[in-house]
1. Just checking, which of B:Val55, B:Val84, B:Val109, B:Val44 is surrounded by fewer than 21 Cβ atoms within 10 Å (Cβ to Cβ) and more than 30 Å from A:Tyr92 (Cβ to Cβ)?
2. Which residues, taken from region A:70-115, are within 16 Å of A:Thr49 (Cα to Cα), part of a strand (DSSP E or B) and more than 14 Å from chain B (Cβ to nearest Cβ)?
3. Would you point out the residue of region A:87-101, among those that are surrounded by fewer than 23 Cβ atoms within 10 Å (Cβ to Cβ) and within 17 Å of A:Ser73 (Cα to Cα), that is modelled with the highest pLDDT?
4. Can you tell me which condition A:Cys94 does not meet? The list is (1) touching an Asp or Glu at 6+ places or on another chain (Cβ under 8 Å); (2) within 25 Å of B:Asn31 (Cα to Cα); (3) touching a residue at least 40 places away in the same chain (Cβ under 8 Å), and all the others hold.
5. Specify the residue that is nearest to the other protein chains (Cβ to nearest Cβ); the eligible residues are those in region B:71-111 that are of a type outside the set (Gly, Ala, Ser) and without any contact (Cβ under 8 Å) to a residue 24 or more places away in the chain.
6. Among the listed residues A:Val3, A:Val19, identify the single one that is touching a strand residue (DSSP E or B) at 6+ places or on another chain (Cβ under 8 Å) and more than 14 Å from chain B (Cβ to nearest Cβ).
7. Checking the condition small (Gly, Ala, Ser), farther than 24 Å from B:Gly102 by Cβ and either free of Cβ contacts under 8 Å to residues at least 24 places away in the same chain or in contact with a Gly (Cβ under 6 Å, 6 or more places away or on another chain) (or both), which residue from A:Gly53, A:Gly61 passes?
8. When only residues in region A:36-70 that are farther than 26 Å from A:Lys14 by Cα and in contact with a Ser or Thr (Cβ under 7 Å, 6 or more places away or on another chain) count, which is surrounded by the most Cβ atoms within 10 Å (Cβ to Cβ)?
Amino acid sequence: GAVVSQHPSRVICKSGTSVKIECRSLDFQATTMFWYRQFPKQSLMLMATSNEGSKATYEQGVEKDKFLINHASLTLSTLTVTSAHPEDSSFYICSARAGGVEKLFFGSGTQLSVL
Amino acid sequence: GQQVMQIPQYQHVQEGEDFTTYCNSSTTLSNIQWYKQRPGGHPVFLIQLVKSGEVKKQKRLTFQFGEAKKNSSLHITATQTTDVGTYFCAGPRQAGTALIFGKGTTLSVSS
């Protein structure tokens, strides 16, 4: 099956710093990737839809200046959490579709802890 | 707004017992998908249902899609400890290409 690679898997940073998370489709091209956020024991909350070559579409309530998304190529999307604060601590996970099928392939996620 | 609801939130069973989780959408869906997330892991696709009234089986798992294409269920027969995890249903949002996930049902199994 299609593989989505996400790294880092875990990051600890100080409050006020920025963190970049990378999401790569290893064996397929993904014109669209999706970024989700998951709090402990809770559901996946869609943050934004990342479109290759164009601006990301953010969900209501998600600060686009806070969560910068760049989809520079058909295999790479990045999420940068700018000026991170403890409330940004969460599990961030990306996903993509491969070959026009409906199902999503997920990266392994990034656990962000902001001290 | 469009919502996907799922019950129960938690379910604990003894190994060998059956388990069912229910999913309900506020809108008619073109398809519904089910994912499983093991503790500490990421969601993994299980199945997609497309047709009204569709029933699909995967070994001990039975998936149903309602006639109105607004609800779905996942039933596990004779649970095993390997079934532990959170089961999510998800449907396409009306605008765009993203999936909207239910809150999930976390299944724990004791042997």
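1. Unique residue meeting the criteria: B:Val55.
2. Within region A:70-115, A:Asn70, A:Ala72, A:Ser73, A:Leu76, A:Thr78, A:Leu79, A:Thr80, A:Val81 meet the criteria.
3. Only one residue tops the list, namely A:Arg97.
4. With (1) touching an Asp or Glu at 6+ places or on another chain (Cβ under 8 Å); (2) within 25 Å of B:Asn31 (Cα to Cα); (3) touching a residue at least 40 places away in the same chain (Cβ under 8 Å) applied to A:Cys94, the lone miss is (1).
5. B:Thr97
6. A:Val19
7. That would be A:Gly53, the only listed residue that is small (Gly, Ala, Ser), farther than 24 Å from B:Gly102 by Cβ and either free of Cβ contacts under 8 Å to residues at least 24 places away in the same chain or in contact with a Gly (Cβ under 6 Å, 6 or more places away or on another chain) (or both).
8. Among them, the one singled out is A:Ser50.
The values are calculated or read from the model by the stated rules, or taken from the named source; none is laboratory data. In this text, all values refer to a predicted model and were calculated from it rather than measured experimentally. Glycine also receives a Cβ, built like all others from the backbone with ideal geometry; neighbour counts cover every protein chain displayed.
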